[in-house]
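The values are calculated or read from the model by the stated rules, or taken from the named source; none is laboratory data. Since the structure is predicted, the reported quantities are computational estimates derived from the model, not experimental observations. We place every Cβ from the backbone using ideal geometry, glycine too, and count neighbours over all the protein chains shown. These area figures cover heavy atoms from the full protein model, side chains too; ligands, DNA and RNA do not enter into them. Shrake-Rupley method; radii C 1.70, N 1.55, O 1.52, S 1.80 Å.
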Amino acid sequence: MTRNDSLHGCSLVDVLERLERGKIGHAAAMEWLHIDSLNQLTDIMYANGRVMPGHQDMDVAPETRALLRGITKREP
């Protein structure tokens, strides 16, 4: 059994919420996201309005949020 078996079928929102609440660890979230950098995980958390466990709130500029929405927005 791998660390992220309990995350099977979860959405990004589910995973980030569980990480923020301390229900899963950084390694499980990183494995689910297929990333290998805590910096990437931190960026993903803050870009989605979440706070890493043990971190303080960080302001994300409206321009950055708009850029991320443009990159990740699905085409009809």
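On inspection, residue 24 passes the criterion of being at pLDDT 90 or above, in contact with a Ser or Thr (Cβ under 8 Å, 6 or more places away or on another chain) and of a type in the set (A, V, I, L, M, F, W, C). Just so you know, in the stretch 25-50 the residues that are farther than 19 Å from residue 64 by Cβ and outside any helix (DSSP H, G or I) include one that is most open to solvent (accessible area, probe 1.4 Å), and it is 34.
For the stretch 45-76, the set of residues classified as at pLDDT below 80 and acidic (Asp, Glu) consists of 57, 59, 75, listed by residue number. Scanning the stretch 10-24 for residues that are under 13 Å from residue 53 (Cβ atoms), open to solvent by less than 40 Å² (accessible area, probe 1.4 Å) and in a loop (DSSP other than H, G, I, E, B) gives a single hit, 24.
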